[in-house]
Amino acid sequence: MNPILEATETAPTTVEEAVRDYDELHDRAQAALPDAVDGDGVTIPEEVADDLADGEVVRFTGYYRLDLAQ
């Protein structure tokens, strides 16, 4: 079963090193993020999930905390 990526808008963090920029993500993760931001979650392949960490913050059109569910 493929993981589900959810992105929840969050306040900017004060620890800049803990934030990844959208352009640092691999192409397939970049392609999945807008759908996760706009929806309630998007199913992604395992290899895309391998590039993301549960709970990490990504700067996209705002700051989003990523959640990966199996």
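Listed values, structure above:
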quantity: Failed item, numbered, when Asp40 is tested on (1) open to solvent by less than 60 Å² (accessible area, probe 1.4 Å); (2) out of contact with any helix residue (DSSP H, G or I) (no Cβ under 8 Å at 6 or more places or on another chain); calculated: (1)
quantity: Count - residues of the stretch 1-35 that are aliphatic (A, V, I, L, M), buried (at least 16 other Cβ atoms within 10 Å of the Cβ) and either part of a loop (DSSP other than H, G, I, E, B) or without any contact (Cβ under 8 Å) to a residue 12 or more places away in the chain (or both); calculated: 1
quantity: Of all residues in the stretch 43-70 being touching a residue at least 60 places away in the same chain (Cβ under 8 Å) and either open to solvent by less than 40 Å² (accessible area, probe 1.4 Å) or touching a Lys or Arg at 6+ places or on another chain (Cβ under 9 Å) (or both), the one that is nearest to Ala7 (Cα to Cα); calculated: Leu66
quantity: Among (1) in a strand (DSSP E or B); (2) of a type outside the set (Phe, Trp, Tyr); (3) in contact with a Leu (Cβ under 8 Å, 6 or more places away or on another chain); (4) at pLDDT below 95, the one test that Leu68 misses; calculated: (4)
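The values are calculated or read from the model by the stated rules, or taken from the named source; none is laboratory data. Given the structure is predicted, the values throughout are model-derived calculations rather than measurements. Backbone-built Cβ (ideal geometry, glycine too); neighbour counts: all protein chains shown. For accessibility, only protein heavy atoms count, side chains too; no ligands or nucleic acids. Shrake-Rupley method; radii C 1.70, N 1.55, O 1.52, S 1.80 Å.
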